[in-house]
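Undergrad: Handing you this structure, nothing more for now.
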Amino acid sequence: GKDVLAVRELLLVFDERTIDPLCVLLERLESMEARKLVCQVLAVVAAEDPEGLARRAEGQPWYVTRNLTYVLGRIGGKLVLPFLRSWVLHRDDRVRVEVARALGKLKGSEATEIICGLLNDGEYRVRQSAVWALSHRGDPVALEHIRRLVFDDRDFRERRTEERDDYFRTYGRLVTDGSFKELVDIVSQRQLL
């Protein structure tokens, strides 16, 4: 209604100079709903040049970087890919979880390859977010990565049951005729049924 029109009109006067004040506001908000709304505005404001947004995250507490990662995911497209790639090794796993989610919203095999790299992260929550992102993407490029982990990586067996289940579910969603035949062969060879 009128609120949406007012916000749209206000956004027309915003430009890249509003990124900094919006980021400061984002740091101060306690309400998750309010932060989400500021993130939506930031996504619109920074859509043409997400580099300013990414630079703003440098040297900030983890939660600022996490929120800005969320914004980059909302912006989407190839312009945000370099910034998300640079945060794949962020020291805080909560940022890496959000990187997996944000990459999951992007199109293209390059994003899929980056997410596949997160399948080997040291933190299970990051790995789980990555496998969920791959499951929702439906990109068959991920199938070989998941197959290798599930069937060839001995350390995979030591992972939590819930995590392993998610990998098998994702494998099932991505399966092709050829990989299904391979799965049947593996199950038969190992006498799992």
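Undergrad: Condition test on Gly73, is it among the small types (Gly, Ala, Ser) and open to solvent by 40 Å² or more (accessible area, probe 1.4 Å)?
TA: no
Undergrad: Now a separate question. Residues in segment 94-101: is at least one modelled with pLDDT under 95 and either more than 12 Å from the chain's Cα centre (by Cα) or aliphatic (A, V, I, L, M) (or both)?
TA: Start the filter on segment 94-101 by keeping residues that are modelled with pLDDT under 95, which leaves none.
No, because not a single residue in segment 94-101 is modelled with pLDDT under 95 and either more than 12 Å from the chain's Cα centre (by Cα) or aliphatic (A, V, I, L, M) (or both).
Undergrad: Now for a different question. Which fully enclosed helices (runs of 4 or more DSSP H) of segment 57-171 have 1 or more residues being without any contact (Cβ under 8 Å) to a residue 60 or more places away in the chain and under 22 Å from Val24 (Cα atoms)? Quick ask: steps written out before the conclusion?
TA: Working: elements: 62-75, 81-86, 93-104, 109-118, 124-137, 141-147.
Fully inside segment 57-171 and qualifying: 62-75, 81-86, 93-104.
Undergrad: For residues in segment 58-70 being of a type in the set (Phe, Trp, Tyr) and under 17 Å from Val88 (Cβ atoms), which is surrounded by the fewest Cβ atoms within 10 Å (Cβ to Cβ)?
TA: Within segment 58-70, the subset of a type in the set (Phe, Trp, Tyr) is 62-63, 70.
Checking which are under 17 Å from Val88 (Cβ atoms) leaves us with 62, 70.
Working: Trp62: 15, Tyr70: 20.
Among residues in segment 58-70 that are of a type in the set (Phe, Trp, Tyr) and under 17 Å from Val88 (Cβ atoms), the one surrounded by the fewest Cβ atoms within 10 Å (Cβ to Cβ) is Trp62.
Undergrad: With respect to the numbered conditions (1) surrounded by 15 or more Cβ atoms within 10 Å (Cβ to Cβ); (2) modelled with pLDDT of 85 or more, which one is the sole condition not fulfilled by Ile19?
TA: Status for Ile19: all satisfied but (2).
Undergrad: Scanning for something modelled with pLDDT under 90, farther than 17 Å from Arg94 by Cα and either under 14 Å from the mean Cα position of the chain (by Cα) or open to solvent by 20 Å² or more (accessible area, probe 1.4 Å) (or both), does segment 118-134 turn up at least one residue? Break it down into steps so the answer makes sense when it comes.
TA: At the first step, the residues of segment 118-134 found to be modelled with pLDDT under 90 are none.
Looking for residues that are modelled with pLDDT under 90, farther than 17 Å from Arg94 by Cα and either under 14 Å from the mean Cα position of the chain (by Cα) or open to solvent by 20 Å² or more (accessible area, probe 1.4 Å) (or both), one finds none in segment 118-134, hence no.
Undergrad: Taking Arg55 as the residue in question, decide whether it is open to solvent by 20 Å² or more (accessible area, probe 1.4 Å), modelled with pLDDT of 85 or more and not small (Gly, Ala, Ser). Write out each step before concluding.
TA: Details: open to solvent by 20 Å² or more (accessible area, probe 1.4 Å): yes; modelled with pLDDT of 85 or more: yes; not small (Gly, Ala, Ser): yes.
Taking the combined requirement at face value, the residue satisfies it.
Undergrad: In segment 40-49, is there at least one residue being buried (at least 22 other Cβ atoms within 10 Å of the Cβ), out of contact with any Cys (no Cβ under 6 Å at 6 or more places or on another chain) and at pLDDT 90 or above?
TA: Checked segment 40-49: no residue is buried (at least 22 other Cβ atoms within 10 Å of the Cβ), out of contact with any Cys (no Cβ under 6 Å at 6 or more places or on another chain) and at pLDDT 90 or above.
Undergrad: While we're here: How many of the residues in segment 154-174 are farther than 15 Å from Trp132 by Cβ and open to solvent by less than 50 Å² (accessible area, probe 1.4 Å)?
TA: Going residue by residue through segment 154-174, those that are farther than 15 Å from Trp132 by Cβ are 154-158, 161.
Right, trim to open to solvent by less than 50 Å² (accessible area, probe 1.4 Å) and you get 156.
Of the residues in segment 154-174, 1 are farther than 15 Å from Trp132 by Cβ and open to solvent by less than 50 Å² (accessible area, probe 1.4 Å).
Undergrad: Considering (1) open to solvent by less than 20 Å² (accessible area, probe 1.4 Å); (2) more than 22 Å from Thr161 (Cβ to Cβ); (3) modelled with pLDDT of 95 or more; (4) of a type outside the set (Lys, Arg), say which one Leu106 fails and leave the rest.
TA: (3)
Undergrad: Sticking with this one: Every residue in segment 56-109 that is over 13 Å from Ala133 (Cβ atoms) and aliphatic (A, V, I, L, M), please.
TA: The answer is Ala57, Val64, Leu68, Val71, Leu72, Ile75, Leu79, Val80, Leu81, Leu89, Val95.
The values are calculated or read from the model by the stated rules, or taken from the named source; none is laboratory data. Quantities reported herein were computed from a predicted structural model and do not represent experimental measurements. Glycine gets a Cβ as well: all are built from the backbone with ideal geometry, and neighbour counts include every protein chain shown. Surface accessibility is based on the protein's heavy atoms, side chains included, excluding ligands, DNA and RNA. Shrake-Rupley method; radii C 1.70, N 1.55, O 1.52, S 1.80 Å.
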